[in-house]
Every structure is written in structure tokens, then in C-alpha cells.
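*Asks:* My questions will all concern the structure given below.
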Amino acid sequence: MEELSELVRRQAGMVARRQLLTYGVDADRVRNRVRSGHWVEVTPRVLSTTTGPPSWEQWLWLAVLHAGPRSLLGGLTAAGVHGLRGWPRPEVTVLVDDELAFEPVPGIDFFRSRRSFELLHDPGATLPVCRIEPAVLMYAAYDAPIRAAHGILAAAVQQRVTTATRLLRWVDLLRPLRRAPDFRVTLRDIGGGAHSGAELDVHRMCRRFGLSLPARQRARTDRSGRRRWTDCEWDLPDGTTLVLEVDGGFHTEVMQWGEDLKRARRITTRQRIVVRCTAYELRHEPGEVAADLVALGVRARVPDDAA
């Protein structure tokens, strides 16, 4: 029984009835262990060899053992296993590749997927878990609101659990994938190509909502004497200048966020106002950005034939 003991140890004290049968532990022996108080029947399919409330690791093992050998932790649950922080979800997400022909378990969400489990499975993990890239992409595509969908891609890269390049490769591997075109644009932004793309998005926003076009990439010297280039500027009728700085890659990391704030503060003067938006807003909420610019004094664009 040493092999069975090692299996149970690796599974944090959890074991499936089908696994016990493989080692010759039949239903009668299981019943005796449960009656004696040594084991606990957590679900009709899974037993715990420890007493007391299950730990989070045991809960994860319970989920995949109950679902069967062709199952994987997915979604935000898998992302958390891979180290993603700040995206908690109380329910455990499990992907299965067949009909849901087993009892539901409160607190566990089972989802059927026709994608290749050999492709999705992370062979380096102890738990049966989906790789980080398909886990976050499938959550973003099918389960998340649009803003959260783009936000989790940025968070995964910023927390260094994956890279924008790997996520872009998985967008192709997961075809067809809902929201794939938008994900490609966001991932290119996150990967460092946001600057020129954001400028084009500002240009499109101005033409769409009839705003005057800004000056782009003006050189400015901040109060520390450092030379800076602003993203977009409008010279307003009252003599002030409105500067729009675009955050391309969902700048949520504390260090990057702090540097962006410092940069904006140091180029702000009594005659130069600095406001900020994200590339996401320009692409998905341009009307709100345009309305704020108008409220700050940006005027309507003079038609080309009237210039």
C-alpha cells in the first residue's frame, strides 16, 4: 500500500473511489474507514483521509477528482495556481471533456470544453491544471466582462506569470476564440507597441467626434531638467495647453504607475494641464474621452475644405 499512500500524500490527503479500487480497496473497506472516523466522504466520488474542514489545496483536488481523470482546473482558479494575484474567485472552475454525468458540488463550477486537453494541460504542475495562457484567454473570451477581459491579460503579463508574446501565440492556438482581434491589439499594446497605436486611436477619435486634431510628440523639459515628449497637445483659446497622456498597457504596477504620475506632475504648469486616459478607453470608450476633452476646452475641428 506504499504506492497508494504516496498517491494520497501527493493529492493533499484526498482520494477518489476509482483510485482506491485500482489498489484493491473495495467499497466495504471504504465504508469501514468512514464509520471508524478515519476517513470522510466529501462527495459520493471523493474521500478525505483527514478530518476537519478541507484546505484550499484539498478543495482543488476534490474538484478535479470528483470530475474524473479527464478534467483540469481552469479559468481564474488555474490562474491563481500559476501565481496570478488580485483576481480571486470563491468558486473553483473545472474543465471537463465529456458530458456532466456526475453530481454537482456546491462551490465548484464545471464547464465542458471540446478543446484538446492534451494541449491545455500543464505537464509541469502537480495538480491537473490548465496552462496559464489558455486559462486566462478562455476566461477573458467567454466569462469576463469586456474591461476585465483586457485587464486580466495585462495583469498576467505585468505579474510575469506569462508574456504578451506567449499569449499572442495562444490566441492563434485556441482558434476560434471570441474577442480574438481585440485581444491581439491589447497584447501588442502590453508588449510595448502601444505608443504609435495610441496616437492613431486619438486621431480616429478626433475625426469621429469632430474635435480639432492635436499636436503630437512635442518636446518638453520638466522641472527636473529632463527632456520629455508628450503624446498629444491642444493649444486652447484661453492660452493654456491641454496635454493628453495615453497609458498603453494597463499600467497597474505600483512602480510604473508612480513613474507615470511623477512624469505628468513635472510637466504640469499653470498654463499646461495634463490629463490621462488608457489605450483601452480610446479603443472601446472613445465617446467618453472626447466628451471630457470638450469639457476641458478642446474645440471642434475646422473642416479641411474650410481651412
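The values are calculated or read from the model by the stated rules, or taken from the named source; none is laboratory data. Quick caveat: nothing in here was measured; it's all calculated off a predicted structure. Side chains are part of the model used for accessible areas, which takes the heavy atoms of the whole protein and leaves out ligands, DNA and RNA. Shrake-Rupley method; radii C 1.70, N 1.55, O 1.52, S 1.80 Å.
*Asks:* Taking the full set of protein chains and a 1.4 angstrom probe, give the accessible area of Arg188 in square angstrom, rounded to the nearest 10.
*Replies:* Spelled out: Arg188, probe radius 1.4 Å, area about 130 Å².
*Asks:* Sticking with this structure for a sec: Take every Cα pair under 8 Å in the stretch 72-214 that's 6+ residues apart, average their separations, divide by the length, and report that relative contact order as a whole percent.
*Replies:* Numbers: 163 pairs, mean separation 26.7, N = 143.
That works out to 19 percent.
*Asks:* Something else now. Obtain the radius of gyration and the Kirkwood radius of the stretch 1-126 from its C-alpha atoms and give Rg over Rh. Can you show the working numbers first?
*Replies:* Numbers: Rg = 14.9 Å, Rh = 15.4 Å.
Rg divided by Rh gives 0.97.
*Asks:* By the gyration tensor of its Cα atoms, with a ≥ b ≥ c the square roots of the eigenvalues, what is the shape of the stretch 6-51: rounded for a/c under 1.5, prolate for a/b over b/c, or oblate?
*Replies:* Working: a/c = 1.55, a/b = 1.09, b/c = 1.43.
Oblate shape, in that a/c is at least 1.5 and b/c is the bigger or equal ratio.
*Asks:* Counting only C-alpha contacts under 8 Å and six or more residues apart, can you give the relative contact order of the chain as a whole percent? Kindly include the intermediate steps, with their values, before the conclusion.
*Replies:* Working: 419 pairs, mean separation 32.7, N = 307.
Relative contact order for the chain comes out at 11 percent.
*Asks:* Suppose the chain between Asp97 and Glu288 were pulled fully straight at 0.36 nm per residue; how much longer would it get relative to their current alpha carbon spacing?
*Replies:* Working: separation 191, 0.36 × 191 = 68.76 nm, distance 4.25 nm.
Computed gain between Asp97 and Glu288 is 64.5 nm.
*Asks:* Send over the Kirkwood Rh of the chain, from the inverse of the averaged 1/r over different Cα pairs, rounded to one decimal Å.
*Replies:* On the way: mean 1/r = 0.0436 Å⁻¹.
This gives a value of 22.9 Å.
*Asks:* Can you give the relative contact order of the stretch 1-149 as a percent, counting alpha carbon pairs under 8 Å and 6+ residues apart?
*Replies:* On the way: 186 pairs, mean separation 27.4, N = 149.
About 18 percent, as a whole number.
*Asks:* Hey, another quick one. Heads up, I need the accessible area for Leu168: 1.4 angstrom probe, whole protein in place, Å², nearest 10.
*Replies:* About 40 Å², ignoring ligands and nucleic acids.
*Asks:* Determine the gain in length on full extension of the stretch Phe111-Glu2; use 0.36 nm per residue of separation and subtract their C-alpha separation, reporting nm with one decimal. Each step should come with its number before you reach the end.
*Replies:* Values: separation 109, 0.36 × 109 = 39.24 nm, distance 3.44 nm.
Contour length minus the Cα-Cα distance gives 35.8 nm.
*Asks:* Extension gain Ala215-Arg228, at 0.36 nm per residue separation less the Cα-Cα distance, in nm? Intermediate results must be reported in sequence, preceding the final value.
*Replies:* Working: separation 13, 0.36 × 13 = 4.68 nm, distance 1.44 nm.
Full extension from Ala215 to Arg228 adds 3.2 nm.
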